[in-house]
Amino acid sequence: TMGELYAGAGIGRHTMLFVKIDRRIGVGIVCDGQLYRGAQGAAGLIGSLPVSYGTRSGSLDALAGSEMIQREGHAAAAEGRSALLADILRRTGEITAIDVSQAAQMGDAASATILTTTGHLVGQVVATLANALDPELIVLSGSLVQTNDTLLAAVREAVYGASHPLVTRDLRIIRSQMGSSGGLVGAARVASEALFAPDFLREWIMQ
């Protein structure tokens, strides 16, 4: 989140949500140009929130994380619902979440359905945050988002559909362009802020 805020799409933004979709799903919250950390530094653990889809219910991590995508992709291959994934399973002996993501980008219907479900579930939770915080920008990150457009489109559909018109009027929902460099830039920013914090400098000088 810090990398995106200071070196990516968040430059000059005062309110932003940075959503990471992987095995765990989390969101970095920027308010008034500052990262909101919470009392224990654990703000944004939306993967623990309860969600439901059809007859299934559980945490967002369990129903929309990369482990679910991998599991559903393996089932689609084994049951013959995806010839593309079945071929990958025969050749490699396993199906990864990235395999499902790339298959969806290539037009595989079963894979697209899996990622659309993930995107809608994530989008429903993010829409709640959007209605509460009224962000200027929502940035999606993670290898799954980078490898196809289906997930991004599904999140957009859910957020725009479940948010107040005033919230979505100028809201942009995009994928991060920083890749792994976002974490490096963000870590450097966090370190520099800590080193040059007035209290730290005062104590260092006194010592």
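What's the number of the only condition in (1) more than 26 Å from Ile173 (Cα to Cα); (2) among the polar types (S, T, N, Q); (3) surrounded by 17 or more Cβ atoms within 10 Å (Cβ to Cβ) that Gln40 fails to meet?
For Gln40, the failing item is (3).
Select from region 139-188 the residues that are in contact with a strand residue (DSSP E or B) (Cβ under 6 Å, 6 or more places away or on another chain) and charged (D, E, K, R) and list them in ascending order.
The answer is Arg156, Arg172, Arg175.
What pairs can you find where one residue is in region 73-95 and under 13 Å from Ile114 (Cβ atoms), the other is open to solvent by 50 Å² or more (accessible area, probe 1.4 Å), and their Cβ atoms are less than 7 Å apart, with a gap of 6+ or different chains?
Leu84/Met106; Ile95/Gln70; Ile95/His74
Identify all residues within region 90-107 that are surrounded by 13 or more Cβ atoms within 10 Å (Cβ to Cβ) and more than 18 Å from Glu67 (Cβ to Cβ); write none if there are none.
Step one: filter region 90-107 for residues surrounded by 13 or more Cβ atoms within 10 Å (Cβ to Cβ), giving 95-105.
Gln105 - this is the single residue of region 90-107 that is surrounded by 13 or more Cβ atoms within 10 Å (Cβ to Cβ) and more than 18 Å from Glu67 (Cβ to Cβ).
Scan (1) open to solvent by 40 Å² or more (accessible area, probe 1.4 Å); (2) within 21 Å of Ile114 (Cα to Cα) for the single condition Leu35 breaks and write down its number.
Unmet condition: (2).
Sort out which residues of region 130-159 are under 16 Å from the mean Cα position of the chain (by Cα) and without any contact (Cβ under 8 Å) to a residue 60 or more places away in the chain, and write them in order of number. Show your work before the answer.
Taking region 130-159 first, the residues under 16 Å from the mean Cα position of the chain (by Cα) are 130, 135, 137-159.
Within region 130-159, Gln146, Thr147, Asn148, Asp149, Thr150, Leu152, Ala153, Ala154, Arg156, Glu157, Ala158, Val159 meet the criteria.
So, in region 149-185, of the ones that are farther than 23 Å from Ile98 by Cβ and among the small types (Gly, Ala, Ser), which residue ends up least open to solvent (accessible area, probe 1.4 Å)?
At the first step, the residues of region 149-185 found to be farther than 23 Å from Ile98 by Cβ are 159-172, 185.
Filter again for among the small types (Gly, Ala, Ser), leaving 161-163.
Working: Gly161: 68, Ala162: 55, Ser163: 15 Å².
Checking each candidate, the answer is Ser163.
Could you please find all residues in region 74-85 being in a helix (DSSP H, G or I) and either open to solvent by 20 Å² or more (accessible area, probe 1.4 Å) or modelled with pLDDT under 95 (or both)? I'd like the intermediate steps shown before the answer.
Of all residues in region 74-85, those in a helix (DSSP H, G or I) come to 74-78, 83-85.
Scanning region 74-85 gives His74, Ala75, Ala78, Ala83, Leu84.
List the residue pairs whose Cβ atoms are under 8 Å apart, where the first residue sits in region 1-15 and is among the basic types (Lys, Arg), the second is open to solvent by less than 50 Å² (accessible area, probe 1.4 Å) and part of a helix (DSSP H, G or I), and the two are 6 or more positions apart or on different chains.
If the second residue must be open to solvent by less than 50 Å² (accessible area, probe 1.4 Å) and part of a helix (DSSP H, G or I), the pairs left are Arg13/Leu5.
For Arg71, are the conditions met, namely being closer than 23 Å to Gln124 by Cα and open to solvent by 80 Å² or more (accessible area, probe 1.4 Å)?
On the way: closer than 23 Å to Gln124 by Cα: yes; open to solvent by 80 Å² or more (accessible area, probe 1.4 Å): yes.
So Arg71 passes the test.
Considering only region 108-147, state which residues are of a type in the set (Gly, Ala, Ser), closer than 25 Å to Ser181 by Cα and either open to solvent by 10 Å² or more (accessible area, probe 1.4 Å) or not in a helix (DSSP H, G or I) (or both).
Matches in region 108-147: Ser141, Gly142, Ser143.
The values are calculated or read from the model by the stated rules, or taken from the named source; none is laboratory data. Since the structure is predicted, the reported quantities are computational estimates derived from the model, not experimental observations. Neighbour counts run over all protein chains shown; Cβ positions are idealised from the backbone, glycine included. All accessible areas refer to the heavy atoms of the entire protein, side chains included, with ligands and DNA or RNA removed. Shrake-Rupley method; radii C 1.70, N 1.55, O 1.52, S 1.80 Å.
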